[in-house]
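Inspection log for the structure reproduced underneath, given as structure tokens.
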Amino acid sequence: MKPKSLSPLGLLALILALGIPATLESKRQEKILSLFNVIKFTNTPCTATTTIGGTAMTGTCLTEEECSKRSGGVKSGNCAAGFGVCCVTTMKTCGSTISNNCTYVQNPNYPSAFNGTTCTYSVKQSDTNICQIRLDYLTFSIQGPNLAQTGQARCDIDNWTITGTNNQATGTSTKNNPPVICGLATGQHIYMDVGGSNNANIQLAFSGTGTTADRKWNIKVSQIPCDANYLAPDGCQQYFLGVSGNVKSFNFDVTDENLFTHLPGQDYNICVRQEPGYCGVRWIPTDEPRSFHLSSSATATMSINGQGSCPNDHLDIPGGQNAGETGCVVSGSVTFQRNVDRYCGARLNCIRMSAENHPIFTDRFFVTFVTDAADQTMNNNMVLLNMNRGFSVNYVQTPC
């Protein structure tokens, strides 16, 4: 019979059982332990056994000792063929500093609601090769815009702000920092440039009024290397990968139509990575109620377009035109033109005063969403004037 080889641990047990002299045993233990010292593995993302809402969390493959020393780190399964542990890092304490990739930032006592009025976190790069930080809002629900304020809706009850981002190329503050948000943002994400200088100090800050609101957040913080193929182009606050997907404005997921309102003071770029073999994008409103509704009254049913007719709240689609058609008609005009950049109203269409949504085609792989400082919502009798929900559009890349 062919002899079986002993594992290092089995050999160590045999040494102890045979009573080999201590000096010889010590030398052999050193050799055995040296086998473990040469086993190395990269600290790659791993799928944890812990789940939130039925979805597995993501950890980092570390040694058990490294995980135990990491602030907020908890072992959740194994990795690297059992030589490593999947270490999930969670921060629930206000005032915490996040400096590790793939950290979950949660409100105190999550998944229970937060009853405080302020909470801040700092985000620092893990090393000099980090050029961007991505926040994935896995759960995010705070109080929405103040609809009781006659004539305008602002995020002045609750708000979430991000400061300290840098321009990737120059290291200076960008014009398009992430927008202030309130209300619902579950499923959304945001990118922040940090310049790859290892001195960024991003501040995430919640500020609220009252202590009885149902406020919750669970945000995954990812650090993106400067050479990653999923690094967002400079100036993009949202970045979508793949040939198709869905894009919506913050707070769109409110289901009570009496509370429909997009957020004020938005100005950010939404970008799509151009996949190989594709040369354009179609933007298609979904079938949800008021899937495109900007700068219009509650009873409006028609499209509006053009810079002169959409001076405030609008979705900018550079070079946009109705897919499959050859021309557009701008609001206030009767003549055809090749394309239209700016869209508002109650329908998405490059033909003015149309009652139908229409897919908009462009060969550019980004759009820009802009709203003014406050959205008019109530008259003096507290009647909702507009129900400007914002937008929910699918994108589909078109082959060359």
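The values are calculated or read from the model by the stated rules, or taken from the named source; none is laboratory data. The model shown is predicted, which means the values in this text are computed figures rather than measured ones. Counting neighbours? That spans all protein chains shown, and the Cβs are built from the backbone with ideal geometry, glycine included. To get the accessible areas, we keep the full protein, side chains included, count just its heavy atoms, and leave off ligands, DNA and RNA. Shrake-Rupley method; radii C 1.70, N 1.55, O 1.52, S 1.80 Å.
Points worth noting:
- Converting the Cα gyration tensor eigenvalues of the range 235-303 into ellipsoid dimensions via √(5λ) gives semi-axes, longest first, of 26, 15, 11 Å.
- Residue-span extension gain [residue 226 to residue 211] - 0.36 nm each, minus C-alpha spacing: 1.3 nm
- Average Cα contact separation per residue, the range 224-284, under 8 Å, 6 or more apart, as relative contact order %: 41 percent
- Average 1/r across all pairs of distinct alpha carbons in the range 286-375, invert it, and you get the Kirkwood radius: 12.9 Å.
- Heavy-atom SASA rank of 400, 67 (probe 1.4 Å, accessible area, largest first): 400, 67
- Ordered by 1.4 Å accessible area with all protein chains kept, 294, 138, 231 run largest first as 138, 231, 294.
- Each semi-axis of the equivalent ellipsoid for the range 332-374 is √(5λ) with λ an eigenvalue of the Cα gyration tensor; in descending order they amount to 18, 16, 11 Å.
- Hypothetical label at residue 400: residues of the range 269-287 whose amide nitrogen lies under 13 Å (7 Å Cα-Cβ projection): 274-280
- When the pairs 92/248; 92/124; 75/216; 124/248; 124/216 are compared against a 19 Å limit on Cα-Cα distance, 92/248; 75/216; 124/248; 124/216 fall above it.
- Compactness ratio for the range 208-334: Cα radius of gyration over 2.2 N^0.38 Å (N = residue count) comes to 1.30.
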